[in-house]
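Structure below; questions to follow.
Nothing in this text is a laboratory measurement; each read-out follows from the coordinates by a stated rule. What you see is a predicted model; the values in this text were computed from it and never measured. Here Cβ is always computed from backbone atoms with ideal geometry, including for glycine, and neighbour counts include all displayed protein chains.
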Amino acid sequence: MTAYTPPTLPSVAPISPSQGRSLCQRIHSLAMGCGLALLASTASASNTPALTNELPGKGVIVQPVKNPVQEENFQHLLVMELLQKLGYTVRPFQEVDYPTAYMSIAAGDATFIASHWNPLHADFYKNAGGDAKLYRQGTYIRNAAQGYLIDKKTADQYRITNIAQLQDPNIAQLFDADGDGKADLTGCTPGWGCEAVVEHHLDAYQLRATITHQQGNYAALIADTLARYKAGKPVLYYTWTPYWVSNELQPGKDVVWLEVPFSSLPGAQKGLDTTLPNGKNYGFTVNSQHIVANQAWAQAHPAAAKLFAVMQLPLADVNAQNHLMSQGQNQPADVQRHVQAWIRTHQQQVDDWLQQARQAALPTTP
């Protein structure tokens, strides 16, 4: 099997008051609270060539689904907003676990999901029918990283660089949060793709005897982890990007990534090499994220299919928006405002996507 060679693990730039306008710049004046006026559109309707079918989705109902993680609302709402601009009737998204999401899309009970992790969700995709049932074209978000981290203070003091060092009960006990003598790993919510990888790693790296995989609501678990860190206690956790936690606990400054002793992945990812070009190996492939839709529906609605294929959202923009949510701008109206601001400040690019989508719906001439 050909080895998968992911790109260099992306760093997450810190966001602090001393950087002034940096947060606004990273998401292009995303939040009104930044005190910057939203950039005016550089394109106008008068400059867009007239098409015979401005609303190719008129009368067509779309049912999105997504994972319950609130930090993924932004990327889904952005797709939903652009579908509405094409005339589609978009219902509110339904929140379901990932396996259910893929099965419901394959069965035609739902239309799309905008957070398909590839290759992390390879088994979900395959089990739902793969390409025969599901449409996956283009790349929505690139360079989504994952891995295990510990606080830098403990890493430096005990020279911990590899998760296999936690086979030693004395090292593992440093991260014991509940008094049972085992390290407590803030892990992955049941039903997520990362759960299978974490569980596989515990066996592959012989860590069952010394590490407890703490599972539940990830947002609650990571909030407790952050509180432990602020109290000066050692922490061990799994996380991914884009997600706000790496703005709070900055890799290289507050925490460090742990390497794994060798590449080992379960299921459809078996045999993939997780070593990065710089030689580091954090145990997970660097993923891309895609919009996945029902295959038959996509073929019947080429405007939406084209939109799904051409949309691209920078990972840094998602990180920054997620950070705003962690700072209190987490209500539905806040996230919708972020979406509208992102569209306005990327209007020329958005108009191009919509034009390509409308063009795809036009009848072809013989």
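Can you pull the Kirkwood radius for segment 193-339, inverse mean 1/r over Cα pairs, to one decimal in Å? List each step's numbers first, then the result.
Values: mean 1/r = 0.0545 Å⁻¹.
Hydrodynamic radius (Kirkwood, Cα only) of segment 193-339 equals 18.3 Å.
While we're looking at this one, here's another question. Taking Cα pairs under 8 Å and at least six residues apart, what relative contact order does the chain come out at, in percent?
Working: 680 pairs, mean separation 107.4, N = 366.
RCO, the chain: 29 percent.
Need one number: nm distance between label points at LYS280 and ALA316, each 7 Å from Cα along Cα→Cβ, rounded to one decimal.
1.8 nm
Roughly how large, in nm² to one decimal, is the mean projection of the convex hull of the alpha-carbon atoms in segment 261-328?
Working: hull surface 32.0 nm².
Hull-based average projected area comes out at 8.0 nm².
What's the FRET efficiency of ASP178 with ALA107 using the Cβ-Cβ distance as r and R₀ = 35 Å, to the nearest 0.05?
Working: r = 41 Å, r/R0 = 1.18.
For ASP178 and ALA107, the calculated efficiency is 0.25.
Separate question: Per residue of segment 251-257, what does 6.51 cos²θ - 1.76 cosθ + 1.60 with θ = phi - 60° give for ³J(HN,Hα)? Whole Hz please, x for Gly and Pro, Karplus curve as stated.
Values, residue by residue: x, x, 10, 9, 9, 9, 6 Hz.
Which entries of LYS66/LYS230; LYS233/LYS253; LYS133/LYS270; LYS85/LYS133 show an alpha-carbon separation above 21 angstrom in the structure shown?
Details: LYS66/LYS230 32 Å; LYS233/LYS253 16 Å; LYS133/LYS270 23 Å; LYS85/LYS133 26 Å.
From the list (LYS66/LYS230; LYS233/LYS253; LYS133/LYS270; LYS85/LYS133), the Cα-Cα distance tops 21 Å for LYS66/LYS230; LYS133/LYS270; LYS85/LYS133.
Now a separate question. Show me the trypsin sites (Lys or Arg not before Pro) within segment 99-172 that DSSP assigns to loop and that have at most 16 other Cβ atoms within 10 Å of their Cβ.
On the way: sites: LYS126, LYS133, ARG136, ARG142, LYS152, LYS153, ARG159; in loops: LYS133, ARG159.
Counting only loop positions with at most 16 other Cβ atoms within 10 Å, the trypsin sites (Lys or Arg not before Pro) in segment 99-172 are ARG159.
If a paramagnetic tag sat 7 Å from the Cα of ASP203 along the Cα-Cβ line, which residues of segment 238-254 would have the backbone N under 20 Å from that point?
No residue passes the distance filter.
Right, another one. As a footprinting exposure proxy, order CYS194, CYS188 by other Cβ within 10 Å, with the fewest listed first.
Working: CYS194 19, CYS188 23.
Going from least to most buried by this count: CYS194, CYS188.
Work out how much length GLN157 to ASP97 would gain on full extension: take 0.36 nm times their residue separation and subtract the Cα-Cα distance, in nm to one decimal. Don't skip to the end; give the middle numbers.
Details: separation 60, 0.36 × 60 = 21.60 nm, distance 3.96 nm.
Length gained between GLN157 and ASP97: 17.6 nm.
List the equivalent ellipsoid semi-axes of segment 146-269 in whole Å, largest first, each obtained as the square root of 5λ for an eigenvalue λ of the Cα gyration tensor.
Details: eigenvalues 76, 61, 41 Å².
The three semi-axes for segment 146-269 are 20, 17, 14 Å.
Now a separate question. Using amide H atoms built 1.01 Å from N in the peptide plane, name the residues 5+ places from TYR148, or on other chains, whose amide H lies under 5 Å from its own.
Amide H neighbours of TYR148, under 5 Å, 5+ apart: LEU258.
How long are the three semi-axes of the equivalent ellipsoid of the chain, in whole Å, if each is the root of 5 times an eigenvalue of the C-alpha gyration tensor, listed from largest down?
Numbers: eigenvalues 294, 119, 57 Å².
The answer is 38, 24, 17 Å, longest axis first.
If you restrict to DSSP beta bridges whose two residues both lie in the chain, what percentage is antiparallel, to the nearest 5? Kindly include the intermediate steps, with their values, before the conclusion.
On the way: 20 of 32 bridges.
Rounded to the nearest five, the antiparallel share is 60 percent.
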